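Contents: one structure, followed by commentary.
None of the figures in this text is laboratory data; all of them are computed from the coordinates on show. In this text, all values refer to a predicted model and were calculated from it rather than measured experimentally. Here the Cβ is made from the backbone with ideal geometry for all residues, glycine too, and neighbour counts use every protein chain on show.
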2 protein chains.
Amino acid sequence: MSKNLTSRSEDYSKWYNELVVKADLAENSAVRGCMVIKPYGFAIWEKMQAELDRMFKETGHQNAYFPLFIPKSLFEAEEKNAKGFAKECAIVTHYRLENDPENEGKLRVDPKSKLEEELIVRPTSEAIIWNTFRGWIQSYRDLPLLINQWANVVRWEMRTRLFLRTTEFLWQEGHTAHATKQEAVAEAELMNNVYADFAENFMAIPVIKGVKTEKERFAGAEDTFCIEALMQDGKALQAGTSHFLGQNFAKAFDVKFTNKEGKQDYVWATSWGVSTRLMGALIMTHSDDKGLVLPPNLAPNQVVIVPIYKNDEQFEAVSEVANGLMKDLRSKGVSVKFDNRTTFRPGAKFAQHELQGVPLRIAIGPKDLEQGTVELARRDTFTKEVVLLNNLVDKVVDLMTEIQNCLYQKALDFRDTHITKVDTFEKFKDVLENKTGFISAHWDGTAETETKIKEITKATIRCIPVDIVEEEGKCVYSGKASKRRVLFAKAY
Amino acid sequence: MSKNLTSRSEDYSKWYNELVVKADLAENSAVRGCMVIKPYGFAIWEKMQAELDRMFKETGHQNAYFPLFIPKSLFEAEEKNAKGFAKECAIVTHYRLENDPENEGKLRVDPKSKLEEELIVRPTSEAIIWNTFRGWIQSYRDLPLLINQWANVVRWEMRTRLFLRTTEFLWQEGHTAHATKQEAVAEAELMNNVYADFAENFMAIPVIKGVKTEKERFAGAEDTFCIEALMQDGKALQAGTSHFLGQNFAKAFDVKFTNKEGKQDYVWATSWGVSTRLMGALIMTHSDDKGLVLPPNLAPNQVVIVPIYKNDEQFEAVSEVANGLMKDLRSKGVSVKFDNRTTFRPGAKFAQHELQGVPLRIAIGPKDLEQGTVELARRDTFTKEVVLLNNLVDKVVDLMTEIQNCLYQKALDFRDTHITKVDTFEKFKDVLENKTGFISAHWDGTAETETKIKEITKATIRCIPVDIVEEEGKCVYSGKASKRRVLFAKAY
């Protein structure tokens, strides 16, 4: 572990890349664009998964598992709905390797094993799932069908970055079918709200809930709801999307049901997903030049106890206190690790836990034993204090809530000071370049203007916020009439 | 849902296939050999995952995630260790689809998108993981490295059966690295014991712990530990394996460490895995001609409450009792579902829950309300009894343990009466054909005899049991000297 991280002000992008690797979250693999998620990074993802999974189940969803591969012909059915969908994906064409007769010790693809129909590694599962739903849905009694899948997906990305954009990534994809349009729209909104709840209360990331413009919408969707977060460099990050798909997929895959009146109709659909990209959002929202900063609600270890000692006797005495403390903290639901490795010195341990963002560090040394104290150090504020052992457990429990809230408030303050109302295109460009963040501006509602603004500034419309107040105004670019402001930003 | 399941005595194989589909566990998909795991089946798998994951973590393992794809060249490094490893696997050769210019609405593989090096969809991850471990291990302080991965894997199987053998399946694969041979062997044994513990205490499946013969061993392993279960048709099923890999993978991928004495050495390795195949074992061990039978420790719903009513008033009165009961049962850790669907009659609900193996059914009707009773029905024994509501919660809690134990005992009795000591080859063939089950017989220790016996009888050596008592004897086939009996059986 080399010591110094590039600072955010020096090179934000480099800071991020270094942090992900040095904090042992993930690394690049031998496979182009695919990452290895290391145990510490995966432990954070597991906490996210567990919370999201609980929230999905509480809202009536069930998990299932569908094939990794999608026959090309099913893509063709979907293609009618989704002309714009990227076709960069991994394609399986053969099913056997053989020893290369011309090259001892080498393998080659057996040309006799060519598949009749190519298989696509799922970039998303609408096609295979809707093809399956056709067999599951006959009548209104089978609806709503509320399915979620945790899976790996593959999109052949040309430029990749750990967590933010990788060829293979992990995600969940919800796919639901409903008897009415109204129900399906309500479901899409509900799941966008679940995402917002998760982002704010677990990730401590404030998000703006909104609707995508037609241009930014998922191909095949009639409406895309989203949550948008703001990173410390003033760029936006789309943290989750939830699509109202109308009857498009039902029609493409012929999924009909008999309604209560005995008539046949196509079902209404939604899909919604979040991915390991959330790890990127988590890292970029809270971390600092010393390394990762984790909100207690998602930290694999909320507290680490580091023993300070000079000999075995001291180590044993400190360990006894630490073990008792661990037990007490765990009984209160605090996850705690006693870093009793004898192969590392306290200084190295401090540095590691700082880099890895453990919210609270407790150091216990011989002096503490004499005085009945410990030293507490907060990762987020770097504040240290000496605390009496007999007050400690309640204090730590309170600190977990306080740190969680502080991180959220800090991110919220940053975000709110980076939403700038702008009424001229000159100002738009100036704010985008110099202040960065979200720009709240009037837009004439045309894809043409949206495209122009993107060409000139690289900013896109992140969303039309759901709580935006209607107001008369003029488009910041075309000067045409507009009824509401929308949010622009450069984005990940 | 059609009514009658083929009986086990009529056609065991057909019974299994029908049961999996009718109980809503899984179904075949549009992709050859790949299954869809339906919500009810997946809920059972999730319970298995949760228990196993807890056991892995309690024994010091961490989860991580490695790429789905393995470059062909990494396979070539592994190939040196694993000549026998099957090469039937899904091979990605291209990364882009395009609209077919000659065929409106159709897609084709873009020939310009051919990969320089083919990617193999992981059939198992030793190659990519050991290639990664090289970067993670420098000194003894990095050891032991105890990693597990939950993942999908693909093996191009020619003949597939739901859960038992599918082209894509879900599994966990543990991969560990150690400083000494002794530690690695201990790890492989430990994890085989963890699997046995899980099979017996959660799946209620008695298993025999043993060691594979060289012929039946995982290619690249120096020793393969396994657990073997017996299905109701008298065929064995390998339920889990744990491999001591020696230094084979460390040498193939050049993974060295500096030991405490400052010398470089190759690390010692293990790998171990169980898969969705366990679902097949669970189904085939306990289920009957009426459908699935689930042990309470793995049932998604341990108890289902079915209301009996003739009008809204009765429905409300029954619901009130049911809701109170649900709350009380949940507070005691019993998972319970109130099947209050108004679109199905009680008879249809009874049939469904019987088919789906819910361990205990509680029916509550208007008479019960008058008398303060409910009707309990056990799925495993079909026994029914009327019980006073105020004793019910403790009774249900006790029944969960009792049903779990009964299922285990029943499976154990069946298994134990189907281990037959045999000393002649005539008897061997007779028992195998007519009594079925495990045959305990002397074997001369040669692969030649093993092969011959398999050719003649289709029986393989399932394992050399770890607790086998040494005894002098003569090989059942060759008559040569033997020091211990081994277990033969036909197997899945």
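Take the alpha carbon atoms of the stretch B:92-118, find their center, do the same for the stretch B:173-207, and report the distance between the two centers in whole angstrom. Computed from Cα coordinates, the inter-centre distance equals 45 Å. Bridge orientation summary for chain A: considering DSSP beta bridges with both residues in this region, about 85 percent are antiparallel.
Return the loop-located trypsin sites (Lys or Arg not before Pro) in the stretch B:127-196 (DSSP other than H, G, I, E, B) with at most 15 other Cβ atoms within 10 Å of their own Cβ; answer none if there are none. All intermediate terms of the calculation are to be shown ahead of the outcome.
Working: sites: B:134, B:141, B:155, B:159, B:161, B:165, B:181; in loops: B:155, B:159.
Listed in order of number, the matching sites are B:159.
For a quick check of your reading of the filter: which chymotrypsin sites (Phe, Trp or Tyr not before Pro) in the stretch A:362-463 sit in a DSSP loop and have no more than 16 other Cβ atoms within 10 Å? Mind showing how you got there, number by number?
On the way: sites: A:382, A:408, A:414, A:425, A:428, A:438, A:443; in loops: A:382, A:443.
Answer in residue order: A:382.
Remark: label point of residue A:446 defined 7 Å out from Cα along the Cα-Cβ vector; separations to the same position in other copies 8.9 nm, ascending. Projecting label points 7 angstrom from Cα along Cα→Cβ for residue A:157 and residue B:344 puts them 4.3 nm apart. First check a/c for the protein assembly as shown, with a ≥ b ≥ c the square roots of the eigenvalues of its C-alpha gyration tensor; if it is under 1.5, answer rounded, and if not, answer prolate when a/b is larger than b/c or oblate otherwise. It is rounded, given that a/c, with a ≥ b ≥ c, falls under 1.5.
Report relative contact order for the stretch A:299-414 in percent, whole number only (criteria: Cα-Cα under 8 Å, sequence separation at least 6).
Rounded, it is 27 percent for the stretch A:299-414.
Computed on chain A, with alpha-carbon pairs under 8 angstrom and 6+ residues apart, the relative contact order is 13 percent. Distance between the 7 Å Cα→Cβ label points at residue A:471 and residue A:458: 2.9 nm.
Backbone phi angles across the stretch B:177-186, fed through the Karplus curve with coefficients 6.51, -1.76 and 1.60 (θ = phi - 60°), yield HN-Hα couplings of 10, 9, 7, 10, 4, 4, 5, 5, 4, 4 Hz in residue order; Gly and Pro are listed as x. Axis of helix B:392-417 versus longest Cα principal axis of chain B: the two differ by about 50°, to the nearest ten degrees. Determine the shape class of the stretch A:20-157: with a ≥ b ≥ c the square roots of the Cα gyration tensor eigenvalues, call it rounded for a/c under 1.5, and otherwise prolate if a/b is greater than b/c, oblate otherwise. In terms of gyration-tensor shape, oblate.
Rounded to the nearest 0.05, what FRET efficiency do residue B:112 and residue B:27 have when you use their Cβ-Cβ distance and R0 = 45 Å?
On the way: r = 38 Å, r/R0 = 0.84.
Result of the calculation: an efficiency of 0.75.
Between the C-alpha center of the stretch B:447-492 and that of the stretch A:360-427 there is a gap of 65 Å. For the stretch A:419-489, the spread of Cα coordinates along the three principal axes comes to 28, 23, 18 Å, biggest extent given first.
For residue A:420, the residues whose modelled amide H falls within less than 5 Å of its own, excluding neighbours fewer than 5 places apart on the same chain, are A:438, A:439, A:440.
Is the shape of the stretch B:97-207 best called rounded, prolate or oblate, per the rule: a/c under 1.5 gives rounded, else a/b larger than b/c gives prolate, else oblate, with a ≥ b ≥ c the square roots of the Cα gyration tensor eigenvalues? Note, shape of the stretch B:97-207 comes out oblate.
The Cα-based radius of gyration and maximum Cα-Cα distance (Dmax) for the stretch B:21-64 are 14.2, 40 Å.
For a modelled paramagnetic label at residue A:381, 7 Å from Cα along Cα-to-Cβ, the residues of the stretch A:402-445 in reach, with backbone nitrogen under 19 Å, are A:402-414. If R₀ is 56 angstrom, what is the calculated FRET efficiency for the pair residue A:484 and residue A:395, using the beta carbon separation as r and rounding to 0.05? That gives a FRET efficiency of 0.75.
Extending 7 Å from Cα along the Cβ direction at residue A:330 and again at residue A:317 yields two label points whose distance is 2.5 nm. Residue-wise HN-Hα couplings along the stretch B:107-124, as the Karplus relation 6.51 cos²θ - 1.76 cosθ + 1.60 with θ = phi - 60° gives them from phi, are 10, 9, 6, 6, x, 6, 9, 5, 6, 5, 10, 5, 10, 9, 6, 3, x, 5 Hz; Gly and Pro carry x.
Length gain on complete extension for the stretch residue B:181 to residue B:98, per 0.36 nm per residue less the alpha carbon to alpha carbon distance?
Numbers: separation 83, 0.36 × 83 = 29.88 nm, distance 5.25 nm.
Here the segment from residue B:181 to residue B:98 would lengthen by 24.6 nm.
Counting other Cβ atoms within 10 Å of each Cβ, which GluC sites (Glu not before Pro) in the stretch B:208-281 have at most 11 and sit in a DSSP loop? Intermediate values should be presented prior to the final figure.
Details: sites: B:214, B:216, B:222, B:228, B:261; in loops: B:214, B:216, B:222, B:261.
When the GluC sites (Glu not before Pro) of the stretch B:208-281 are filtered for loop state and at most 11 Cβ neighbours within 10 Å, B:261 remain.
Amide H to amide H, with H built 1.01 Å from N, residue A:245 comes under 5 Å of A:222, A:269, A:270, A:271, counting only residues 5 or more places away or on other chains. Note the angle between two axes, namely the Cα long axis of helix B:447-457 and the longest principal axis of the Cα atoms of chain B, as a number of degrees from 0 to 90, rounded to the nearest 10. Long axis of B:447-457 versus the principal axis of chain B: about 40 degrees.
Using the Karplus relation 6.51 cos²θ - 1.76 cosθ + 1.60 with θ = phi - 60°, the per-residue 3J(HN,Hα) values for the stretch B:8-16 come to 5, 5, 5, 7, 4, 5, 5, 3, 4 Hz, with x marking Gly and Pro.
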